[in-house]
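Take a look at the structure below.
Every read-out reported here was derived from the displayed coordinates using simple, explicitly stated rules and does not represent laboratory data. None of these values were measured; they are calculated from a predicted model. Positions of Cβ are generated from backbone atoms using ideal geometry, with glycine treated the same way; all protein chains shown enter the neighbour counts.
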Amino acid sequence: SSPHLVQVRERIRINGQPISKDLFNKYFWLVYNRLEETKDLVHTSMPAYFRFLTIMAFHVFLQEKVDLAVVEVGIGGAYDCTNIIRAPVVCGVSSLGIDHTSILGDTMEKIAWQKGGIFKVGRPGHLLWFWDVLPCVPEHPHSSQPGVPAFTVAQPERPLEVLRERAQERKVSWWQWCGFGVPHGRGLSLLSPQCPLYLCPELDELEEGCQALELGLAGAHQRSNAALALQLARMWLQRRGCQGKAGGQGWGVRPSLGPWGLSGMHVPPGLGDLKEVRPSTELAGRPVPLAPVFRPTSAMIQGLRDTEWLGRTQVLSHGPVTWYLDGAHTTSSIQACVRWFRQAALNQDKLHDGSEVRVLLFNATGDRDTAALLKLLLPCHFDYAVFCPNFTEVSQNFNVTLENALTRCLENQRTWTHLLEEKGGQDLWLPTPLRVGGLLQPTPARGSLLLVPPAPRPLNSPALVFPCLAQALRWVAQGRDPHLAAPATSGAHPHPAASSGAVLLREAAAVHVLVTGSLHLVGGALRLLDPALSQ
């Protein structure tokens with residue numbers, strides 16, 4: 001998986017844990033030396049960073065004899081370096097979004113074409129293949145076609161049609177589409193009988209008649225992810241003939257769904273008593289057959305409950321300061337982030353009496369439309385917005401990379417101010433663009449603090465720019481987080497918002513800080529807020 005948040009070892013995991021430092025060191029040099037020894041006139045250099053780690057990951061999985069490998073593509077799918085497995089067990093595409101437009105294209109249809117490039121024709125083996133976070137299930141055991149099955153979640157109509165076309169190009173034998181939240185199969189007529197379509201029941205249906213499923217990952221969007229994950233886990237286990245080992249409470253299924261019908265599905269020995277769950281009237285009226293509803297096993301229930309994903313809907317409570325970390329750099333992920341943060345912050349407010357201050361810490365890189373992303377964050381009603389590059393610390397040596405990053409942050413500051421003006425009709429004046437180099441005033445003890453210099457008239461915008469994460473976090477925490485040093489008290493440009501904000505942050509009963517945007521920003525913040533992750 002990529003990117004990593006704190007340590008590169010996070011990209012290669014076995015049984016959910018990053019491989020050890022010793023193991024990483026061992027396989028890194030083994031792969032590096034072999035590649036060095038086998039260079040020729042055609043390939044005269046080492047693979048690039050991500051390609052090297054991909055090669056290394058496959059080597060680790062082979063040498064450590066894993067039973068199942070779950071591989072996430074880097075960017076897109078069709079031309080991604082992970083897309084070299086000829087016959088994975090299954091392929092999957094999760095919810096599409098506009099991202100990496102310079103590489104994948106600037107429309108959902110173009111991006112869908114790239115994602116569909118991972119679909120395969122060959123016989124399944126032992127690999128789950130997916131885009132984003134969700135793997136998929138094996139082909140129907142009674143299907144006579146050789147194609148590798150593919151899964152996707154609800155998509156807009158035209159991108160879904162593109163995925164269907166890509167699947168048909170490769171003669172995928174069994175196409176499953178998971179229709180979370182799509183009423184009465186709207187838009188499903190695009191799919192022909194050549195590509196059988198099944199809907200995954202929503203999580204509510206799997207909970208019917210049993211206890212509610214507790215998810216370790218917060219956010220309403222995680223319920224649909226969990227419903228899909230359960231279907232994938234069940235079907236893969238069925239393919240492997242090992243459901244009986246996954247839990248102790250049996251499976252419930254819907255009878256006679258689809259052209260194959262569940263009555264023909266293979267049920268391995270030791271599965272336990274089947275428990276039929278009749279389809280609801282609403283779902284039964286859909287023109288597309290539903291995937292089985294079953295009783296999740298105890299192992300599945302525990303797996304959902306214990307799932308952790310650092311940097312996504314993660315909350316760190318450090319005394320009066322609560323940090324909300326959620327890497328999100330597309331419009332859909334920012335929208336999900338906003339829904340989660342507003343609810344999570346509301347729940348925290350109930351635990352405190354007194355004043356509350358909300359702070360946004362944001363950065364975005366690449367070709368992303370930061371203005372569109374920042375506009376979506378307005379409903380969170382932040383008192384202050386802080387912008388900084390993804391650098392954890394900044395050395396005294398100013399360089400071009402830092403200058404470019406800070407220029408982007410100043411643009412984000414200006415955008416945020418304009419958005420506030422449009423929303424509230426206030427005159428939040430900002431000075432004309434300035435050279436970044438002139439804004440840095442280094443001090444021997446604390447380094448440099450980047451703020452807009454004094455202006456001819458008062459500056460009312462509650463938006464600040466800092467040259468690195470460490471200084472941004474220190475200003476926000478104001479010495480109230482034990483993991484962070486107190487902010488510098490001298491050497492900074494005078495700034496009304498910085499001065500008044502510091503007072504409010506020190507006196508507030510609760511400080512809620514949302515760190516979002518770039519995953520590299522979130523990773524840098526985690527490195528400072530939870531030093532144990534760097535060990």
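Laid out as a table, the results:
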read-out: Cα centroid separation, region 7-30 to region 292-335 (Å); value: 23 Å
read-out: Prolate/oblate/rounded call for region 1-66, Cα gyration tensor, a/c under 1.5 rounded; value: prolate
read-out: Distance violations [Cα-Cα > 32 Å] among LYS39/LYS65; LYS21/LYS110; LYS115/LYS375; LYS65/LYS120; value: LYS21/LYS110
read-out: Separation in nanometres of the label points that stand 7 Å from Cα toward Cβ, at GLU207 and ASN15; value: 3.1 nm
read-out: Extension gain (nm, one decimal) between GLN335 and ALA371, 0.36 nm per residue minus Cα-Cα; value: 11.6 nm
read-out: Nearest-0.05 FRET efficiency for VAL70 and GLN168, computed from C-beta distance (R0 25 Å); value: 0.45
read-out: Neighbour-count order for HIS59, HIS329, fewest beta carbons within 10 angstrom listed first; value: HIS59, HIS329
read-out: Nonlocal amide H pairs with ALA385, under 5 Å, H built at 1.01 Å; value: LEU360, ALA463, LEU464
read-out: Region 1-97, dipole about Cα centre (Lys/Arg Cβ +1, Asp/Glu Cβ -1), debye to the nearest 20; value: 100 debye
read-out: Under 15 Å, Cβ to Cβ, from ASP22 - net charge with Lys/Arg +1 and Asp/Glu -1; value: +2
read-out: Spacing of the two label points (7 Å from each Cα toward its C-beta) at THR38 and LEU346, in nm; value: 5.7 nm
read-out: Packing-based exposure ordering (other Cβ within 10 Å, fewest first) of ARG358, ARG305; value: ARG305, ARG358
read-out: Cα-projected label distance for THR307 with ASN25, points at 7 Å along beta-carbon direction, nm; value: 3.5 nm
read-out: Charged-residue dipole, Cβ positions (Lys, Arg, Asp, Glu), region 361-420 about Cα centre, Debye nearest 20; value: 140 debye
read-out: Positive-end residue of PRO3, PHE50, GLY16, charge dipole of region 1-66 with Cβ unit charges; value: GLY16
